[in-house]
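The values are calculated or read from the model by the stated rules, or taken from the named source; none is laboratory data. Computed from a predicted model, the values in this text were never measured in an experiment. Cβ sites come from the backbone with ideal geometry, for glycine too, and all protein chains shown count toward neighbours.
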Amino acid sequence: TVSNIFKAHAIPVVDADLVARDVLKKGTGGWRKVVAAFGEDILLDNGEVDRPKLGQIVFSDPLKRQLLNRLLAPYISSGIFYEVLKLWMKGYKVIVLDAPLLFEAKIDKWTKPIIVVWVDPETQLRRLMARDRTSVEEAKNRINAQMPLDLKQSKADIVIDNTGSLEDLDESFRKVLAQVTKPLTWSEFGLSRQGAFLAFISVLVGVLICRKTL
């Protein structure tokens, strides 16, 4: 929901889950590694990975989940970087990375500020069951596979409480929007497309001046 609100305000969102789907498509490097590790029993008749079946396997076995994460992490990280780079080259100053496993995948160092959308455990379980149409046990396995929300909250720069109504969420979002769209600091400007272009021009001009001097 929060990602959709960002999109509604013309702020692009890179969805890590969609990137993960892409790296598991038939014939990709990620697909080959996963099939080699888990066997062809996880495949559908068309050769694509049966994601619900794979999910049941890894969310009920921590070791297999770690194996899957280790196999796909390089592909997901490079996929996310590529999507962010494309948007950066288009001149977007704010890009949202929607990544449920931001801390677990150790890609939190790429992002600033870190926003955590918080809900109480009961609401989290109920919403997950409704969204994915899973049983209580499956939903709990998925939740337990992630870092606890309270711990994520302690690591966040901004926390959005999503336990209330859509009106409450919209009010919280507007405050967050003001924070993430405020003018860039000098260090942030240096990492922006405009900053990189200015640095390139400065170096180019410096080289031309040196050549003329010589």
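Structure values in brief
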item	result
The listed residue being in the same structural domain as K53 (by TED's automatic domain parsing) and in contact (Cβ under 8 Å) with a residue 40 or more places away in the chain, out of D132, D168, D108	D108
Listing of helices (runs of 4 or more DSSP H) fully contained in the stretch 26-123 that carry 1 or more residues being under 30 Å from K182 (Cα atoms) and touching a strand residue (DSSP E or B) at 6+ places or on another chain (Cβ under 9 Å)	62-89
In the stretch 26-55, residue farthest from A105 (Cα to Cα) [restricted to those that are loosely packed, with under 13 Cβ neighbours inside 10 Å and of a type in the set (A, V, I, L, M, F, W, C)]	L44
V207, sole failed condition from (1) more than 21 Å from K112 (Cβ to Cβ); (2) within 24 Å of the chain's Cα centre (by Cα); (3) modelled with pLDDT under 90	(2)
So I57, is it modelled with pLDDT of 95 or more and among the β-branched types (V, I, T)	no
Residue check for T181: of a type outside the set (D, E) and either closer than 26 Å to K112 by Cα or not assigned by TED's automatic domain parsing to the domain that holds V94 (or both)	yes
Among the residues listed as V58, V19, V13, the single one being of a type outside the set (D, E), surrounded by 14 or more Cβ atoms within 10 Å (Cβ to Cβ) and in contact with a Ser or Thr (Cβ under 7 Å, 6 or more places away or on another chain)	V13
Elements of type helices (runs of 4 or more DSSP H) contained in the stretch 128-182, each with 3 or more residues being modelled with pLDDT under 90, surrounded by 14 or more Cβ atoms within 10 Å (Cβ to Cβ) and under 21 Å from the mean Cα position of the chain (by Cα)	136-144, 166-180
Residue among L68, L24 that is within 23 Å of the chain's Cα centre (by Cα), assigned by TED's automatic domain parsing to the domain that holds D108 and touching a residue at least 40 places away in the same chain (Cβ under 8 Å)	L24
